[in-house]
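One structure is given below, encoded as structure tokens.
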Amino acid sequence: MIYSTPSYLCPVNDTVDAQDPWTDPGRLRVLAGDVRWHVRLLVARNPSTPSDVLERLAQDEDYCIRAAVASNPNTPEDILRRLAGDERWEVREAVARNPRTPVDVLEKLAVDDNDEVVRNEALRNPDCPPKSHARAMLE
């Protein structure tokens, strides 16, 4: 008799499943709790990751995971609003680049006191209103 390791126990399958948009939401929920940061990162980037999983990953201690959630085009507005106040500029920059970021959040990021990269990314977002460009030039 030949024995094989179940596919769900194979680390290679974990990374494949974490980034596959056709992966079952239940499987993504399990992978979001993985101890390996790169698996959680891939789940956070996956456009099919359910919003409750993105919510959990938005609180990850690793800022790279939070930035991946902020860059996910399906991240809900309430999560983007919260991540716009993150202490790490990389996370705020990802929020500024996200096409779903609300206009009022972009306006705030366009005058971010802590980082020029965040300001520039907010101003590059096509949804950033012209008044924010004018205000940024004055500051």
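Worth a mention:
Every residue, every condition in (1) at pLDDT below 90; (2) closer than 19 Å to Ala58 by Cβ; (3) small (Gly, Ala, Ser), yes or no:
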| position | (1), (2), (3) |
| --- | --- |
| Arg82 | no, yes, no |
| Asn98 | no, yes, no |
| Val103 | no, no, no |
| Leu106 | no, yes, no |
| His133 | yes, no, no |
| Ala136 | yes, no, yes |
| Glu139 | yes, no, no |
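- The residue pairs whose first member lies in segment 32-46 and is surrounded by 13 or more Cβ atoms within 10 Å (Cβ to Cβ), whose second member is of a type in the set (Ser, Thr, Tyr) and in a loop (DSSP other than H, G, I, E, B), and whose beta carbons are closer than 6 Å, counting only pairs six or more residues apart or on different chains, are Val43/Thr49.
- Any chance Glu107 is assigned to a helix (DSSP H, G or I), in contact with a Ser or Thr (Cβ under 6 Å, 6 or more places away or on another chain) and among the acidic types (Asp, Glu): yes
- Check on Ser71, surrounded by fewer than 15 Cβ atoms within 10 Å (Cβ to Cβ) and either touching a strand residue (DSSP E or B) at 6+ places or on another chain (Cβ under 8 Å) or closer than 28 Å to Gln19 by Cα (or both): no
- When Asn114 is tested against (1) surrounded by fewer than 20 Cβ atoms within 10 Å (Cβ to Cβ); (2) assigned to a helix (DSSP H, G or I); (3) not acidic (Asp, Glu), just one condition goes unmet, and that condition is (2).
Let's see how each residue does on (1) among the small types (Gly, Ala, Ser); (2) within 11 Å of the chain's Cα centre (by Cα); (3) under 30 Å from Pro130 (Cβ atoms):
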| site | (1), (2), (3) |
| --- | --- |
| Leu31 | no, no, no |
| Asp52 | no, no, no |
| Tyr63 | no, yes, no |
| Val69 | no, yes, yes |
| Ile79 | no, yes, yes |
| Val91 | no, yes, yes |
| Arg97 | no, yes, yes |
| Arg100 | no, no, yes |
| Asp104 | no, no, yes |
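- Single match in Asp60, Asp20, Asp14 (criterion: at pLDDT below 95, surrounded by 13 or more Cβ atoms within 10 Å (Cβ to Cβ) and of a type in the set (Asp, Glu)): Asp14
- Residue satisfying all of: in segment 22-65; in contact with a Lys or Arg (Cβ under 7 Å, 6 or more places away or on another chain) and charged (D, E, K, R); nearest to Glu77 (Cα to Cα) among these: Asp60
The values are calculated or read from the model by the stated rules, or taken from the named source; none is laboratory data. All values derive from a computational prediction rather than experimental measurement. For neighbour counting, all protein chains shown are included, and Cβ atoms are generated from backbone atoms with ideal geometry for every residue, glycine included.
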